[in-house]
Each structure stands twice: as C-alpha cells, then as structure tokens.
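These notes are about the structure you will find just below.
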Amino acid sequence: MAKRSSTFACQACGAVYQRWQGKCDACGEWNSIAEESSAAASAAPVAAGGARLKKGRTFALENLQGEAMDAPRTPSGIAELDRVTGGGFVKGSVILLGGEPGIGKSTLLIQAAAAIARKGARAVYISGEESAGQVRLRAQRLGLQDAPVELAAETSVEDILATLSQGAPPRLVIIDSIQTMWTEAAEAAPGTVTQVRAAAQGLIRFAKGSGAAIILVGHVTKDGQIAGPRVVEHMVDAVMSFEGDAGHHFRILRAVKNRFGATDEIGVFEMGGEGLVEVPNPSALFLGARDAKVSGTAVFAGMEGTRPLLIEIQALVTPSALGTPRRAVVGWDTSRLAMVIAVLEARAGVRLAMHDVYMNVAGGFRIMEPAADLAVAAALVSSMVDIPIPPEMTLFGEVSLSGLVRPVPQAAARLKEAAKLGFSEAMLPDGLQDAAGKTGLTLHPMRQIADLVAEIAGGKGNPKRSARI
Ligand code: TYD
Ligand code: MG
C-alpha cells in the first residue's frame with residue numbers, strides 16, 4: 001500500500017486532498033489549499049491493515065439506564081445570554097461563538113466572565129488578540145474592574161492548559177480567539193486548519209476532564225461562515241453566532257447548534273456606551289417608529305424560539321424600467337420572496353413581473369420563519385395597490401405553492417403578544433381562530449392567498465383596485 005507522508009487541506013473549509021490544487025472543489029476558494037504533514041493528522045486512526053497499530057485497551061460498556069450525568073449549569077445572570085445557552089453554561093461543555101469583527105464578541109464575553117466571577121466562581125479570560133492592558137481598559141470602561149476575572153494574554157495551548165490546571169478548575173474559560181491559538185501537537189503554522197483543530201481538541205479535552213465550561217471565539221469570513229475549520233463546529237457542544245448590522249445598535253445572539261438546549265432561541269442586546277445591554281422586550285425595538293399611513297408595510301407576528309416577536313416588514317413595488325425587474329431583499333430569504341411573488345402572480349393574479357420589488361425587514365432583523373409569507377405578501381400587495389394596511393393589523397401564516405394559507409405553530413403566543421402591544425386585528429390562517437382566546441382581537445381568517453388580496457385591495461370603496469391589479 002502506498003504511504004503518503006502528507007496531505008493537503010483547504011484552510012477555508014477543511015476539505016482534504018491527496019495532492020495540491022489551486023482551487024478547493026468543496027468551497028470554491030482559490031489558493032486556500034496547504035500541505036499538512038501526516039504527523040499532525042496522526043490523531044486519526046491509522047489506516048486499516050497498518051501492521052503497527054497499537055493494541056487497544058478494553059473498556060466497560062454501559063447501558064442507557066444508568067445514572068444520567070446531570071448537566072449542572074452555571075447561569076451568568078445575563079438573561080438574554082442564559083436563554084440562548086439553554087439556562088446557563090453546562091459543566092465541561094465547549095461553546096464556539098462566531099461573529100464578524102467588531103460586532104461585540106469580546107465585549108459580551110468579558111461581561112459574561114465578570115458576571116460569573118462576581119458570583120464567586122472562577123472565571124478566566126485568555127486573550128490572544130489584545131494585550132491584557134487593552135482588555136483591562138475595556139473592562140474599566142464597562143465598569144467591570146471590580147469583578148475578580150483572571151486575565152492573561154496568551155496563545156500557547158500547552159501554557160494555557162498548564163496554568164488552568166493549577167488550583168480549582170475554573171467554572172468558565174474564555175478563549176478569544178481560537179484562530180490565534182497554537183499548539184505544539186501540530187506542526188502547521190498558527191491560524192491553519194490543522195492548528196485550529198488541534199488547539200480546539202486540546203481545549204475540549206481539558207473542558208471534559210476538568211468540568212470547566214469553555215467559550216471559543218471564532219472569526220467569521222465574509223459570507224458568515226466560521227473561518228477555517230468547519231470541523232471545530234462538529235467538535236464543540238454548541239455553536240452560537242453573534243449578529244448585527246453596522247447601522248444599528250442592537251445585536252442578536254443565536255444558537256446554531258446546542259447539545260444542551262433549543263437552537264431556535266435568540267438573545268437580544270443593544271450596544272451602548274456601557275457595553276451590551278439586554279433588551280427584554282425586542283418587539284418594541286423592531287417595530288420602531290411606524291408611519292401607519294404609508295402603504296407597503298405589514299406587521300408580522302413572529303416567533304423566535306419560545307418568544308413572540310412583532311416585526312415590521314416593508315415592501316416597495318415600482319414599475320420596472322428594466323427587462324429583468326430588480327428584486328432586492330434585506331433580512332429575508334431571496335428565494336422565499338421569489339416564491340411569494342410567483343404565488344401572488346399565479347394564484348391571485350397580482351402582476352409583479354413588470355415591477356421592481358424591494359423588501360426590507362425593519363431594524364435590520366433577519367427573519368427565518370416561513371410564517372412570514374403572509375405578511376410579506378400583504379406588504380407587497382399593499383405597496384402595489386398603494387393602500388395602507390390598517391395600523392392595528394398584524395399578520396402571520398405560511399403560503400404554499402398552491403396559494404393555500406397554511407397554519408403555523410404557536411398561534412396563541414403570537415396573538416397574545418400582538419394584543420399586548422396594542423394591536424386589535426389579525427390576519428391568520430383559517431382554522432387557528434381558537435388560538436385568539438380572550439385576547440379580544442378581531443380575526444380575519446384566510447384560506448387562500450387570493451383572500452388576502454381581496455381583503456387588502458378589494459375592500460369596499462377602493463376605487464384604485466381595478467385600476468392597479
Ligand atoms: P468587540 O467586543 O471588540 O468586538 P469583537 O470582539 O466581536 O471584534 O466590540 C467592538 C465594538 O463595539 C467597537 O466597534 C466599539 C463597540 N463598543 C461600544 O459601542 N460600546 C462599548 O462599551 C464597547 C466596549 C464597545
Ligand atoms: Mg474581539
């Protein structure tokens with residue numbers, strides 16, 4: 001059997017090749033493939049048939065009935081953070097926190113470390129990017145200087161682990177960032193996939209052994225992937241992303257993967273002069289200042305995990321001067337918008353093919369739910385016919401390709417939040433009327449997308465209707 005002394009790995013996505021090539025087939029990056037010696041990869045099992053395989057040690061197998069290891073959690077006391085982690089940092093767990101540069105990852109984590117330390121637990125903050133002085137300066141600006149956080153600027157995994165192993169195991173360790181760490185266990189240069197993977201491996205092993213919760217900060221690339229090793233995402237217990245928009249002050253913490261909690265929860269923060277402040281009632285934030293008399297806006301009654309969230313959707317439909325009309329979307333899925341447009345055309349006769357369509361989710365929020373279909377369709381129709389949707393109206397519902405308005409989960413929570421924020425009417429999928437309970441909302445059940453168009457554009461005394469659709 002031919003033995004290779006080295007392999008080639010894409011530094012962007014971690015794909016492995018037997019020989020060098022200019023472009024990675026897996027992720028399409030150019031010049032991202034670098035040689036890695038097999039010594040670095042020797043942590044992986046040796047190929048079958050290898051005569052030099054070490055004889056394995058036997059271990060006892062257990063059944064599922066045994067005592068379940070409880071997952072004691074350390075809540076940080078920052079409610080928005082604890083909601084996303086699933087109730088606090090789990091002992092021995094490792095979280096990867098991704099986010100664009102400058103979004104506030106370091107700020108969030110120094111605040112979390114300070115909160116844990118103030119409760120009397122040991123919290124360690126290791127910065128590989130900033131000097132201890134810089135971290136201290138930030139902490140002082142945030143008014144955290146009295147919190148007994150243990151701080152160091154270090155990048156050697158061996159040194160870090162030796163230091164952490166002294167004394168009582170820490171409850172929380174922040175590694176800012178994993179891309180700056182390097183370990184002697186791998187020969188590659190710092191920042192390469194091999195190094196990042198090996199460094200993460202060492203830290204994860206320490207977390208599992210000592211019971212410390214570790215948060216690894218990960219840089220993200222332009223397109224939002226955690227840079228370098230996707231493999232690290234598989235190794236850790238939870239992956240979180242910290243998102244936001246340069247033009248807005250608020251930030252959203254989202255769980256992408258969580259072995260110890262739900263992944264659809266979000267935490268909302270506002271970045272201010274004193275660091276990140278929790279936003280316990282984000283609906284008010286995303287609704288923003290509304291101009292009720294303008295057509296093309298609809299308020300979507302959304303859900304983020306267990307939390308209802310009212311969000312304004314804005315659409316602008318204008319006649320197109322181009323052969324191929326423009327479709328621009330901020331905060332929603334482009335192909336989902338294309339689908340809603342096609343369904344409106346085919347099932348309700350709303351002719352958008354000759355119009356440019358711009359769609360925006362107010363406040364820079366990003367909606368993931370298909371339940372927003374109905375509100376998007378309403379905003380489009382409202383802009384098209386230039387008839388505002390009543391300001392007290394909120395909408396939700398999924399639209400299928402057949403034009404059917406389909407039920408979505410958690411209708412009761414959505415309606416309750418709408419009533420709480422002063423809305424008095426709701427357009428919703430037919431069949432969910434019971435969910436309104438005692439909210440006192442006036443309901444407009446919809447069966448077909450055509451019902452929605454008729455409701456908005458076809459109201460009595462709307463002279464524009466026949467002219468515009
Ligand atoms: P930082 O936590 O350094 O971001 P990351 O670690 O994700 O790169 O955040 C830096 C940004 O946050 C910077 O642009 C300034 C802003 N900021 C505030 O607005 N207020 C504050 O109190 C702090 C500490 C930072
Ligand atoms: Mg930082």
Checklist line | Computed P(r) (all Cα pairs; the chain; 10 Å bins; percent) | finding: 4, 17, 23, 20, 18, 12, 5, 1, 0
Check: Which whole-Hz couplings ³J(HN,Hα) result when phi for each residue of the range 362-372 is put into the Karplus expression 6.51 cos²θ - 1.76 cosθ + 1.60, θ = phi - 60°, listed in order with x for Gly and Pro?
Finding: 4, x, x, 6, 10, 8, 10, 7, x, 4, 7
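Per DSSP H run of at least 4 residues, take -39500 (n - 2.57); add these up for the chain, divide by its residues and hand me the 222 nm value, nearest 500 deg cm²/dmol.
-7500 deg cm²/dmol, from helical runs alone.
Rounded to a whole number, what % of the accessible area of the chain do carbon and sulfur atoms account for, probe 1.4 Å? Let's see the in-between values first.
On the way: 12200 of 22640 Å².
Its accessible area is 54 percent carbon and sulfur atoms.
Order of 100-108, 19-27 by packing, highest average Cβ count within 10 Å first?
Values: 100-108: 19.1, 19-27: 13.0.
The densest-packed peptide leads the list: 100-108, 19-27.
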Notebook entry, point to check: Dipole of the chain (Lys/Arg Cβ +1, Asp/Glu Cβ -1, origin at the Cα centre): which of V453, A436, G14 lies farthest to the positive side?
Noted result: G14
Notebook entry, point to check: Ranked highest first by the average count of other Cβ atoms within 10 Å around their residues, in what order do 405-414, 132-141 fall?
Noted result: 405-414, 132-141
Notebook entry, point to check: Roughly speaking, what is the centre-to-centre gap between the range 137-172 and the range 275-342 when only Cα atoms are used, to the nearest Å?
Noted result: 42 Å
Note to self: Only four residue types carry charge here, +1 at the Cβ of Lys and Arg and -1 at the Cβ of Asp and Glu. Report the dipole size of the range 311-365 about the Cα centre in Debye, rounded to the nearest 20.
What the structure shows: 140 debye
Margin query: With +1 on the Cβ of every Lys and Arg and -1 on the Cβ of every Asp and Glu, and nothing else charged, how large is the dipole of the chain about its Cα centre, in debye rounded to the nearest 20?
Written below: 640 debye
Check: Whose amide H sits under 5 Å from the amide H of Q11, counting only residues 5 or more places off or on another chain, with H placed in the peptide plane?
Finding: I33, A34
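FRET efficiency for E425 and R57, Cβ-Cβ distance as r, R0 = 56 Å, nearest 0.05? All intermediate terms of the calculation are to be shown ahead of the outcome.
Details: r = 68 Å, r/R0 = 1.22.
My answer for the efficiency is 0.25.
Suppose all protein chains stay in the model; what accessible area per residue would a 1.4 Å probe give for the range 285-466, in Å²? It would help to have the intermediate numbers written out before the result.
Working: 7800 Å² over 182 residues.
Accessible surface, normalised per residue, equals 43 Å².
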Note to self: Place a point 7 Å from the Cα of Q134 along the Cα-to-Cβ direction; which residues of the range 261-285 have their backbone N under 19 Å from it?
What the structure shows: 275-276
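Beyond 18 Å between alpha-carbons counts as too far, so tell me which of K119/K257; K293/K420; K91/K208 fall in that bin. Display every interim value, and only then the final one.
Working: K119/K257 27 Å; K293/K420 22 Å; K91/K208 8 Å.
Result: K119/K257; K293/K420 exceed 18 Å.
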Notebook entry, point to check: With point charges of +1 on the Cβ of Lys and Arg and -1 on the Cβ of Asp and Glu, referenced to the Cα centre of the chain, which listed residue (A377, T58, V294) lies farthest in the positive direction of the dipole?
Noted result: T58
Note to self: Please list, in order along the range 420-427, the HN-Hα scalar couplings obtained from phi with the Karplus expression 6.51 cos²θ - 1.76 cosθ + 1.60 (θ = phi - 60°), rounded to whole Hz, x for Gly and Pro.
What the structure shows: 4, 8, x, 7, 10, 9, 9, 9
Next item on the list: Roll a 1.4 Å probe over the protein heavy atoms and report the accessible area of V231 in Å², nearest 10.
Entry: 50 Å²
Next item on the list: Enumerate the amide H contacts of E187 below 5 Å, restricted to partners 5 or more residues apart or on another chain; note that Pro and chain-start residues carry no placed amide H.
Entry: A40
Margin query: Which one, F250, T183, I389, projects farthest toward the positive side of the charge dipole computed for the chain from Cβ point charges (K/R +1, D/E -1)?
Written below: T183
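Relative to the present Cα-Cα distance, how much length would full extension add between C27 and T318 at 0.36 nm per residue of separation? Mind dumping the intermediate values first?
Numbers: separation 291, 0.36 × 291 = 104.76 nm, distance 3.69 nm.
The span from C27 to T318 would gain 101.1 nm if fully extended.
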Next item on the list: Mind listing the long-range amide H neighbours of V399? Cut-off is under 5 Å, sequence gap 5 or more, other chains count too, H placed in the peptide plane at 1.01 Å from N.
Entry: D373, L374, R406
Item checked: Estimated dipole of the range 73-280 in Debye, rounded to 20 [Cβ of Lys and Arg +1, of Asp and Glu -1, Cα centre] -> 540 debye
Next item on the list: Quick one: grab Rg to one decimal and Dmax as a whole number for the range 73-280, Cα atoms only, in Å.
Entry: 15.5, 47
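The values are calculated or read from the model by the stated rules, or taken from the named source; none is laboratory data. This one's a predicted model, so the numbers in the text were calculated from it and none came from an experiment. Reconstructed Cβ throughout: ideal geometry from the backbone, glycine too, with neighbour counts over all protein chains shown. Just the protein is used for accessible areas: all its heavy atoms, side chains included, with ligands, DNA and RNA removed. Shrake-Rupley method; radii C 1.70, N 1.55, O 1.52, S 1.80 Å.
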